[in-house]
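Inspection log for the structure reproduced underneath, given as structure tokens.
The values are calculated or read from the model by the stated rules, or taken from the named source; none is laboratory data. No experiment lies behind these values; they were computed from the predicted model shown. Neighbour counts are summed over all protein chains in view; Cβ atoms, including those assigned to glycine, are modelled from backbone coordinates with ideal geometry.
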């Protein structure tokens, strides 16, 4: 079967790709937009249902992207739509696009789906505000071997295109769960997970804690840090030492530092 072809920038499907940049349209349709070969491959690998893949060979890198589209044709499981260069430029959110955009169905996860073991590593983010930071944190969490990322009092949408792009599609690789404080506290207690809260107002450095047991690291928002709820209920508060004039790291950098200290300890213990 030949691929569909859209030439006009005013086509309704092109208009909908533009609409899906906004959360209200993503939530209403229960869809998300994902751009880029690497990001789409991560979504497919994580068993996300991809509704349609739009492509424009004018932007393809040699071999790789054409081979991917050919593979999808052979699979016969995907709706493939070729776009004109002008239509793709309108739909794309990137400078220097690679010629592939997908629309997929959103998934939701709950705490009940998560299991715990003697090496559990959970990252909890309270009130994170910027999708770029969320994406960078998810990339670090995947790299450091975290089992899940839990969002508390977070207004961010994990399907924000900037979060997907900054994570390089690894937003699809990890369970990301939105939870309430009390619900999360009960789940942590049930699974005997130690709670480590980040704060500049402690003498304990982040490398001084034993992370070889089940651990939840809790990090606060860019502007406010952690709330008193978590600072008071944590088993231990830690800080990242700062040698220069700055009093703290960017939240994504701080998350990476803490996560990889956990990984270091567990690989050397």
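In table form, for the structure just shown:
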quantity	calculated
Subset of region 60-90 (residues that are farther than 21 Å from residue 44 by Cα, assigned to a helix (DSSP H, G or I) and either in contact with a helix residue (DSSP H, G or I) (Cβ under 8 Å, 6 or more places away or on another chain) or at pLDDT below 95 (or both))	85, 87, 88, 90
Selected residue [surrounded by fewer than 16 Cβ atoms within 10 Å (Cβ to Cβ) and assigned by TED's automatic domain parsing to the domain that holds residue 145] from 192, 227	192
Within region 154-269, helices (runs of 4 or more DSSP H) holding 3 or more residues that are farther than 30 Å from residue 43 by Cα and out of contact with any strand residue (DSSP E or B) (no Cβ under 6 Å at 6 or more places or on another chain)	181-190, 228-233
Residue that is farthest from residue 97 (Cα to Cα) [pool: residues in region 172-194 that are in contact with a helix residue (DSSP H, G or I) (Cβ under 7 Å, 6 or more places away or on another chain) and free of Cβ contacts under 8 Å to residues at least 60 places away in the same chain]	185
Test for residue 135: is it within 18 Å of residue 255 (Cβ to Cβ), touching a residue at least 60 places away in the same chain (Cβ under 8 Å) and not assigned by TED's automatic domain parsing to the domain that holds residue 34	no
In region 152-168, the residues that are surrounded by fewer than 22 Cβ atoms within 10 Å (Cβ to Cβ) and closer than 13 Å to residue 108 by Cβ	157
Residue check, residue 149 in contact with a strand residue (DSSP E or B) (Cβ under 9 Å, 6 or more places away or on another chain) and surrounded by 21 or more Cβ atoms within 10 Å (Cβ to Cβ)	yes
Options 127, 96, 132, 104; residue that is in contact with a helix residue (DSSP H, G or I) (Cβ under 9 Å, 6 or more places away or on another chain) and surrounded by 17 or more Cβ atoms within 10 Å (Cβ to Cβ)	104
Options 263, 248, 223, 208: the member that is in contact (Cβ under 8 Å) with a residue 24 or more places away in the chain and closer than 18 Å to residue 154 by Cβ	223
Unmet criterion (only one of (1) buried (at least 19 other Cβ atoms within 10 Å of the Cβ); (2) in contact with a strand residue (DSSP E or B) (Cβ under 8 Å, 6 or more places away or on another chain)) for residue 142	(2)
Residue, farthest from residue 45 (Cα to Cα), within region 142-153, restricted to residues that are assigned to a helix (DSSP H, G or I) and in contact with a helix residue (DSSP H, G or I) (Cβ under 6 Å, 6 or more places away or on another chain)	144
Test: residue 94 is at pLDDT below 95 and within 19 Å of the chain's Cα centre (by Cα)	yes
Complete set of residues in region 16-34 that are buried (at least 18 other Cβ atoms within 10 Å of the Cβ) and either in contact with a helix residue (DSSP H, G or I) (Cβ under 7 Å, 6 or more places away or on another chain) or not assigned by TED's automatic domain parsing to the domain that holds residue 91 (or both)	17, 20, 32, 33, 34
